[in-house]
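Beneath this line is the structure, given in structure tokens, with notes to follow.
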Amino acid sequence: MDDVGQLKSVTRSELLHLLAKISGEKDLVIDPELMTILNHFTNAQFLKKNGIAKMFRLDDTFLESATPSRVYLMRPRPALMKCVISQLNGDRKKKKRVKYHILAVPQITHACESMLEYHGFYGEISIQGWPLDLVPLDNDLLSLELPSAFTDLYVAKDQHNIRIVAQSLITLQTLYGVIPTIYGLGKYSSMVKDLFQVLISDDPSLASVMAMGESRVDQLILIDRGCDFVTPLCSPTTYEGLLDDVFGIQSGFVEFDKTVTGKDQPIKLLLNSSDTVYQNIRHRHFSSVHPILSDLIKELQVGYDRRHDLSTVSEMKSFVTDLSGMKQQHRAVATPKFEDKFAHVQF
């Protein structure tokens with residue numbers, strides 16, 4: 001399954017469909033956790049072409065905007081709902097007339113509805129769900145991006161994520177065909193599989209839709225985190241593993257601050273196989289990465305030095321053709337130096 005373009009297209013279309021239901025220009029206030037995820041499906045320029053006037057990061061500060069409609073794109077968490085209520089209270093004090101909408105990912109919860117009702121806003125705000133589940137972090141990597149799932153299941157004993165996982169199996173098979181064999185290891189995996197069967201039996205049309213496509217996945221294995229608590233506690237020694245361990249990879253992006261870049265503005269990089277340099281070193285032991293990058297820099301220098309020996313038009317055309325690829329590789333190897341950040345790691 002090396003093509004996630006269809007998944008991106010369907011997810012983007014669902015979001016635009018929900019936004020199109022809200023007439024006129026509107027501001028989009030985004031849950032900070034979802035901002036990075038959105039980058040995998042769309043971008044600011046695309047959203048502005050589709051009716052979004054301004055975009056804001058969701059927090060509890062007063063929102064200065066004259067746009068008549070406001071859309072909150074958020075996960076239904078009490079802490080975030082407090083921020084929404086704080087902004088609505090600010091508008092109420094200033095007697096601003098705004099049409100409010102919430103797009104809850106994947107759907108609103110009773111706790112959040114109760115908070116809106118308690119503060120007198122429940123009847124003043126339109127609420128819809130955006131069933132976002134699978135996020136394509138790479139051509140062969142899909143994630144639900146539910147960082148609180150472990151705490152919800154094993155600490156709070158809250159099983160609402162079970163339905164999200166089961167729904168993602170429907171999404172997967174709707175796009176890529178029926179998975180003939182599904183295995184499960186652990187209590188929660190069994191619950192996901194059972195709920196998936198219930199959802200299919202409740203809506204027979206889903207089975208028909210899934211059966212229409214060619215099956216591109218032969219087997220699916222569901223494994224509870226509770227079956228292996230040890231692995232996450234081990235220190236990684238691959239390049240990608242150490243990036244995550246030291247800097248943190250969030251939804252496929254890593255951010256370097258000024259202690260690494262030497263600049264006031266942080267640098268955020270997308271890490272996936274579209275970067276051929278990163279693809280080559282991501283799974284290698286960190287101690288072997290530096291020699292590989294050094295050799296690549298030497299090769300690039302040789303490539304750039306060819307410009308001094310160009311004598312024919314065909315040689316110039318060949319150099320210009322290769323230049324784009326060399327510049328891309330140059331940007332990749334020009335990633336900030338952070339070897340000192342790994343000094344504490346014992347190989």
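The values are calculated or read from the model by the stated rules, or taken from the named source; none is laboratory data. All figures in this text were calculated on a predicted structure; none of them were measured in a lab. Using ideal geometry, Cβ is built from the backbone for each residue, glycine included, and neighbour counts are taken over all protein chains shown. These accessible areas exclude ligands, DNA and RNA; they are computed on the full protein's heavy atoms, side chains included. Shrake-Rupley method; radii C 1.70, N 1.55, O 1.52, S 1.80 Å.
For this structure, a couple of remarks:
- Test: residue in the range 111-121 that is at pLDDT 95 or above, touching a Lys or Arg at 6+ places or on another chain (Cβ under 6 Å) and aromatic (Phe, Trp, Tyr): no
- Pairs with Cβ under 7 Å, 6+ apart, first in the range 241-263 and open to solvent by less than 20 Å² (accessible area, probe 1.4 Å), second of a type in the set (A, V, I, L, M) and part of a helix (DSSP H, G or I): SER251/ILE37; VAL254/LEU243
- Residue count for the range 141-154 satisfying the condition of being closer than 21 Å to ARG282 by Cβ and surrounded by 14 or more Cβ atoms within 10 Å (Cβ to Cβ): 3.
- Some residue of the range 68-80 being farther than 28 Å from ILE249 by Cβ and exposed (fewer than 15 other Cβ atoms within 10 Å of the Cβ): no
- Qualifying residue in the range 132-140 (condition: touching a residue at least 24 places away in the same chain (Cβ under 8 Å), open to solvent by 40 Å² or more (accessible area, probe 1.4 Å) and assigned to a helix (DSSP H, G or I)): no
- Scanning the range 177-230 for residues that are of a type in the set (Val, Ile, Thr), surrounded by 13 or more Cβ atoms within 10 Å (Cβ to Cβ) and farther than 13 Å from VAL165 by Cα returns VAL178, ILE179, ILE182, ILE200, VAL209, VAL217.
- Restricting the range 274-300 to residues that are in contact with a Leu (Cβ under 9 Å, 6 or more places away or on another chain) and touching a residue at least 40 places away in the same chain (Cβ under 8 Å) leaves a set whose member that is farthest from PRO136 (Cα to Cα) is PHE286.
- Test: residue in the range 260-277 that is assigned to a helix (DSSP H, G or I), over 21 Å from the mean Cα position of the chain (by Cα) and at pLDDT below 80: yes
- Residue satisfying condition, being in a helix (DSSP H, G or I) and under 30 Å from THR276 (Cα atoms), within set GLN173, GLN167: GLN173
- The residues in the range 212-235 that are within 26 Å of THR174 (Cα to Cα), modelled with pLDDT of 90 or more and among the polar types (S, T, N, Q) can be counted, and the count is 1.
- Qualifying residue in the range 78-99 (condition: of a type in the set (A, V, I, L, M, F, W, C), under 22 Å from SER9 (Cα atoms), modelled with pLDDT of 90 or more and under 28 Å from the mean Cα position of the chain (by Cα)): no
- Residue in the range 313-323 that is outside any helix (DSSP H, G or I) and at pLDDT below 80 present: no
- From the options ASN43, ASN50, ASN39, residue that is open to solvent by 10 Å² or more (accessible area, probe 1.4 Å) and in contact (Cβ under 8 Å) with a residue 40 or more places away in the chain: ASN39
- Filtered by the rule that a residue be in a helix (DSSP H, G or I) and closer than 16 Å to ARG284 by Cβ, the range 234-254 gives TYR239, GLU240, GLY241, LEU242, LEU243, ASP244, ASP245.
- Some residue of the range 155-165 being over 25 Å from ASP31 (Cα atoms), open to solvent by less than 60 Å² (accessible area, probe 1.4 Å) and not charged (D, E, K, R): no
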